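Below is one structure, written out as structure tokens; the observations come after it.
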Amino acid sequence: MKGWAWGVALLVAGCGPTPAAEYGEELFSDPKLSQSQYNTFSCATCHATTATPPADKLYTGLSLHGVASRPHWWGGYETNLLDAVSFCYTAFMRGTAPLAPEDPRSRALYEYLASLGPDASTPAQPFTLVKDIDDVPRGGSARGADVYRAACQECHGAAHTGKGRLTPLAPVLPEVSQEYGELFPGVSPGVVFIEKVRHGRFFGVGGNMPPYSQEALSDQDLGALLAFLGL
Ligand code: HEC
Ligand code: HEC
């Protein structure tokens, strides 16, 4: 798997967009990359592709600008780019099997990703998962409203109503937390909520929400978000 698309990439380097890179760009923003009827996420739901990500969005994934020339991915957990992509594909997009190296879609995605940064090498990006969940100090709710819009609204829709949400599988926030007292007796609902945001689907209850690393969402912004949601 190590040689995934490297040969192809070398051939096309410097020749502008290729048909494969254009197909890859389409796949990048197409939820139908995954065959699951329950999937509504595309790569573009969670990743920016520009060197400076847009100021009005807080993506859970890193920007993929220069991604193909990073030495490793997922904070060092993945040393093969296709595996790093497949992890997202199976964990978040309900793909039933990892993307195969010989799949034309894998090659197209690779060429698109390789076109996102022309540099020969890009440093690995930090990715710090919060392991132990602690409560965080509450911040200002005006900032929290901005954080909600930038980070959560696309998937969960408007606070309190869910209006415009990307999928009915994403529950209405913060109302879903009203069940937490009964489900997790002895733990404050705010802490259960933080656990979900920090661990995503990798929480006891599963699902397919992505986790927010420290780089993706600071404790300060998380505290503001909780204040906005009244948790
Ligand atoms: C539901 C959200 C979500 C979706 C959909 C998603 N990803 Fe990710 N992805 C993440 C998160 C979270 C990480 C871990 C943080 C990081 O490294 O960006 C990640 C990590 C990565 C990484 C490693 C980046 C690095 O330098 O560490 C790559 C590459 C990647 N994703 C590519 C893709 C591609 C291509 C797709 C579409 C096939 C995709 N992702 C779909 C959330 C998502
Ligand atoms: C890429 C889409 C996506 C984004 C972005 C996202 N969520 Fe979610 N979230 C989901 C989905 C889908 C579920 C239901 C499946 C699951 O639990 O993983 C969910 C579940 C949850 C739950 C758990 C509900 C329960 O069952 O108890 C909480 C809490 C939550 N999200 C909070 C947030 C907050 C806060 C943000 C923003 C910081 C956010 N989510 C961003 C998709 C998303």
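Here are the numbers for this structure:
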item	result
Conditions (1) surrounded by fewer than 15 Cβ atoms within 10 Å (Cβ to Cβ); (2) in contact (Cβ under 8 Å) with a residue 24 or more places away in the chain; (3) under 30 Å from residue 186 (Cβ atoms): number failed by residue 126	(3)
Criterion (more than 30 Å from residue 220 (Cα to Cα) and more than 13 Å from ligand 1 (Cβ to nearest atom)) met by exactly one of 97, 114	97
Identity of the residue in the stretch 155-207, over 17 Å from residue 134 (Cα atoms) and of a type in the set (Val, Ile, Thr), that ends up farthest from ligand 1 (Cβ to nearest atom)	161
Neighbours by Cβ (under 7 Å, 6+ apart or cross-chain): first from the stretch 170-187, assigned by TED's automatic domain parsing to the domain that holds residue 153; second of a type in the set (Ser, Thr, Tyr)	172/161
Helices (runs of 4 or more DSSP H) completely within the stretch 129-211 that count 3 or more residues being small (Gly, Ala, Ser)	141-147
Contacts under 9 angstrom Cβ, first residue in the stretch 212-231 being within 21 Å of residue 92 (Cβ to Cβ) and not assigned by TED's automatic domain parsing to the domain that holds residue 88, partner part of a helix (DSSP H, G or I) and of a type in the set (Lys, Arg), 6 or more apart	212/198; 213/198; 214/198; 217/198; 222/198; 225/143
Looking only at the stretch 52-71, and only at residues there that are among the small types (Gly, Ala, Ser) and over 26 Å from residue 156 (Cβ atoms), the one that is farthest from ligand 2 (Cβ to nearest atom)	69
Residue list for the stretch 84-121, filter: exposed (fewer than 15 other Cβ atoms within 10 Å of the Cβ) and not in a helix (DSSP H, G or I)	96, 97, 100, 102, 103, 118, 119, 120, 121
Within the stretch 159-211, tally of residues that are surrounded by 13 or more Cβ atoms within 10 Å (Cβ to Cβ), on the phi < 0 side of the Ramachandran plot and more than 8 Å from ligand 2 (Cβ to nearest atom)	17
Hits in the stretch 212-230 - residues which are assigned to a loop (DSSP other than H, G, I, E, B), of a type outside the set (Ser, Thr, Tyr) and within 13 Å of residue 147 (Cβ to Cβ)	216, 217
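The values are calculated or read from the model by the stated rules, or taken from the named source; none is laboratory data. As the structure is a prediction and not an experimental result, all values here were calculated from the model. Heads up, the Cβs are rebuilt from the backbone with ideal geometry, glycines too, and the neighbour counts pull from every protein chain shown.
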